[in-house]
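Below: the structure, in structure tokens.
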Amino acid sequence: MKYDDLIQELNTWEYDEKIFREYYFMEKIPKNISGFAARHSDHKKEVEWVQNPKKVNAHSREDAFIPQGYNVSLVKHPRYFPLFYHEHDFFEIIYVLSGTCTNSFRDSTEKLTAGDLCLIAPDVRHGILAVEDDSVILNILIRRSTFMDIFYNTVRDKTQISGFFVGNLYSREKIRYLLFRTKNDTVIRNYILDMYREQKTSDSFSDRIICSILTLFFVELTRRHGKNVSIPDNRRERTEQESEMLAYMMGNCSTVTLNELAEKFHFSVPYCSKLIKSISGKNFSNLLTEIRLQHGEQLLLCSQLSVEDISDRVGYKNPESFIRAFRRLYNDTPSQYRRKNK
């Protein structure tokens with residue numbers, strides 16, 4: 001399917017969008033509202049949502065939007081759906097293919113135009129509104145755990161995107177979002193359309209291919225637009241230091257020590273310990289355990305390695321120690337967890 005055909009398909013009006021548009025422009029008097037509900041009696045859910053958007057679940061979990069067994073899902077945001085504030089436990093990219101939309105946060109609103117891309121962290125309250133006929137907005141939803149699989153070997157990069165993902169996994173103070181103004185960059189657009197097209201294929205290879213495209217997409221996004229990224233809250237300098245230290249711990253979680261980390265970043269051991277506590281809210285040992293166990297979780301789900309091999313790979317020389325630590329965090333042994341989530 002060619003790019004122009006994909007764009008034409010995305011521009012096609014879905015029935016729910018027609019309902020939302022009709023209600024948006026309708027004079028909200030009892031007679032009209034009654035007639036509106038009667039005309040669309042076969043779509044009671046959409047009618048209820050457009051009249052009472054607060055009834056839509058304001059906090060969503062990954063499995064409500066990302067199919068089981070998939071790491072990424074692309075969803076077209078419906079035009080004229082009323083603004084409602086929500087949050088979710090996965091990463092989200094809002095990409096404006098055409099037209100405009102507004103993305104509102106608790107204390108600010110960003111107007112996005114064609115080519116703009118907003119990367120939103122988990123658990124950030126926000127709302128999207130697109131009320132133009134030519135607005136086509138794609139939401140790219142990424143499981144929180146996917147970072148550990150897709151980005152684990154690239155977190156050493158000193159980029160805003162790496163810092164954003166690493167920081168939102170382990171920092172106490174989160175960066176809420178990154179904003180890129182890519183304008184008419186067709187390279188970025190086409191990566192997104194490639195993911196959308198692959199999702200339509202929907203075979204046993206699709207998710208892996210989408211994850212591969214997503215990795216390339218982030219690299220290209222950083223290379224082409226990394227210098228112009230907008231970061232809220234004026235936390236750029238501290239974020240770079242945080243992300244480098246956390247990335248080093250992630251990339252070397254099987255062997256890293258506090259002494260090694262302090263030497264690497266030219267700190268005294270006491271100051272390094274204090275800094276880790278300030279960044280993450282945890283002491284070095286507890287943070288390292290969390291990183292090791294999350295890496296172990298991904299290896300359980302994304303590889304055929306034995307529990308013993310995974311234990312060794314994430315820094316536990318005694319498999320029983322890994323199993324005990326894993327059970328404390330996940331309430332299952334590694335083998336039980338693998339069986340339940342495969």
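The residues in the range 266-286 that are open to solvent by 40 Å² or more (accessible area, probe 1.4 Å) and not in a helix (DSSP H, G or I) can be counted, and the count is 5.
For the range 38-54: of the residues being closer than 19 Å to residue 81 by Cβ and surrounded by fewer than 15 Cβ atoms within 10 Å (Cβ to Cβ), which is modelled with the lowest pLDDT?
Out of the qualifying residues, it is 54.
State yes or no: is residue 182 modelled with pLDDT under 90 and touching a helix residue (DSSP H, G or I) at 6+ places or on another chain (Cβ under 7 Å)? It is false that residue 182 is modelled with pLDDT under 90 and touching a helix residue (DSSP H, G or I) at 6+ places or on another chain (Cβ under 7 Å). Within this structure, residue 65 passes the test of being at negative phi and either among the charged types (D, E, K, R) or open to solvent by 40 Å² or more (accessible area, probe 1.4 Å) (or both). Residues that are open to solvent by less than 80 Å² (accessible area, probe 1.4 Å), of a type in the set (Asp, Glu) and touching a helix residue (DSSP H, G or I) at 6+ places or on another chain (Cβ under 7 Å) occur in the range 232-252; there is at least one. Scanning the range 318-333 for residues that are in contact (Cβ under 8 Å) with a residue 60 or more places away in the chain and either among the aromatic types (Phe, Trp, Tyr) or surrounded by 17 or more Cβ atoms within 10 Å (Cβ to Cβ) (or both) turns up nothing.
Annotation: residue 57 fulfils all but one of (1) surrounded by fewer than 12 Cβ atoms within 10 Å (Cβ to Cβ); (2) modelled with pLDDT under 95; (3) over 30 Å from residue 213 (Cβ atoms); the unmet one is (3). Within the range 207-235, residues that are farther than 23 Å from residue 174 by Cβ sit with their Cβ atoms under 8 Å from residues that are at pLDDT 80 or above and surrounded by fewer than 17 Cβ atoms within 10 Å (Cβ to Cβ), at 6+ positions apart or across chains, in these pairs: 220/187; 224/187. Looking only at residues of the range 290-342 that are of a type in the set (Gly, Ala, Ser), part of a loop (DSSP other than H, G, I, E, B) and closer than 22 Å to residue 249 by Cα, we find that the one that is modelled with the highest pLDDT is 315.
For the subset of the range 170-205 comprising residues that are among the aliphatic types (A, V, I, L, M) and farther than 23 Å from residue 107 by Cα, which member is surrounded by the fewest Cβ atoms within 10 Å (Cβ to Cβ)?
So the residue we want is 187.
Close Cβ contacts (under 8 Å, 6 or more residues apart or on different chains) running from residues in the range 96-110 that are closer than 17 Å to residue 178 by Cβ to residues that are open to solvent by less than 30 Å² (accessible area, probe 1.4 Å) and charged (D, E, K, R) comprise 96/116; 105/176. Looking across the range 84-102 at every residue that is outside any strand (DSSP E or B) and not charged (D, E, K, R), the one that is farthest from residue 67 (Cα to Cα) is identified as 99.
The values are calculated or read from the model by the stated rules, or taken from the named source; none is laboratory data. Everything numeric here is computed off the predicted structure, so don't read it as measured data. We place every Cβ from the backbone using ideal geometry, glycine too, and count neighbours over all the protein chains shown. Areas reflect the complete protein model, heavy atoms only, side chains present, ligands, DNA and RNA absent. Shrake-Rupley method; radii C 1.70, N 1.55, O 1.52, S 1.80 Å.
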